[in-house]
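Working notes, structure below.
The values are calculated or read from the model by the stated rules, or taken from the named source; none is laboratory data. Only a predicted model underlies this, so the values are computations on that prediction, with no experimental measurement involved. With ideal geometry, Cβ positions are generated from the backbone for all residues, glycine too; neighbour counts draw on all protein chains shown. The protein model used for the area step is the full one, side chains on, heavy atoms only, and it has no ligands, DNA or RNA in it. Shrake-Rupley method; radii C 1.70, N 1.55, O 1.52, S 1.80 Å.
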Amino acid sequence: MKFIFPQNYTFKNKIFGFIDYSVAIINIVWAIIIGGLLHICIQDINIKVITFILFCFPVFLLSISGIHGENIIYVFIYMFKFFIKQKLFFYAKTNRYR
């Protein structure tokens, strides 16, 4: 069986078909950091589990769904660049023939 892919088709390797490798690595690092901090700071296992879910599950959901199919890493880069240089341009529409 032969498959024909168009030349402008970009093939991206993904884990389980829906999450990029770079995003998966960032999710794992985030979970390790949160898990380590919770292990050091909190003794009760119930509170550890609840806070781990509260901090890691939303990031995981955002990385799966993304924002309009965009990679979550790029979204954070765009947001960071916007916070550094917040510029808002207003262009007035002028009519030359008035």
Sort F83, F52 from largest to smallest accessible area, using a 1.4 Å probe on the heavy atoms of the protein chains.
F83, F52
In Å, what is the Rg of the alpha-carbon atoms in the chain, and how long is Dmax?
21.4, 74
Accessible surface of I47 - all protein chains present, 1.4 Å probe, nearest 10 Å²:
80
In what order, largest first, do H39, H68 sit by accessible area if the probe radius is 1.4 Å?
H68, H39
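Of all the accessible heavy-atom surface of the chain, with the other protein chains kept in place and a 1.4 Å probe, what percent is carbon and sulfur?
On the way: 6460 of 9440 Å².
C and S fraction of accessible area: 68 percent.
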Relative contact order computed over the chain (Cα-Cα under 8 Å; 6+ residues apart), in percent
22
Tell me whether segment 11-65 comes out rounded, prolate or oblate; compute the Cα gyration tensor, take square roots of the eigenvalues as a ≥ b ≥ c, and use a/c under 1.5 as the rounded threshold.
prolate
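Per residue, what accessible area does the chain have, given a 1.4 Å probe and all protein chains present, in Å²? Can you show the working numbers first?
Working: 9440 Å² over 98 residues.
Roughly 96 Å² per residue, with all protein chains present.
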Run lengths n ≥ 4 of DSSP H only: what is the helix-derived mean residue ellipticity at 222 nm for the chain, with -39500 (n - 2.57) per run over all residues, to the nearest 500?
-19000 deg cm²/dmol
To the nearest 20 debye, what is the magnitude of the charge dipole of the chain about its Cα centre, counting +1 on the Cβ of each Lys and Arg and -1 on the Cβ of each Asp and Glu?
820
Along the positive direction of the dipole of the chain (beta-carbon charges: Lys, Arg +1; Asp, Glu -1; about the Cα centre), which of G69, P6, F57 reaches farthest?
P6
Assuming 0.36 nm per residue, please report the length gained on full extension of the stretch H39 to N13 beyond their Cα-Cα distance.
6.0 nm
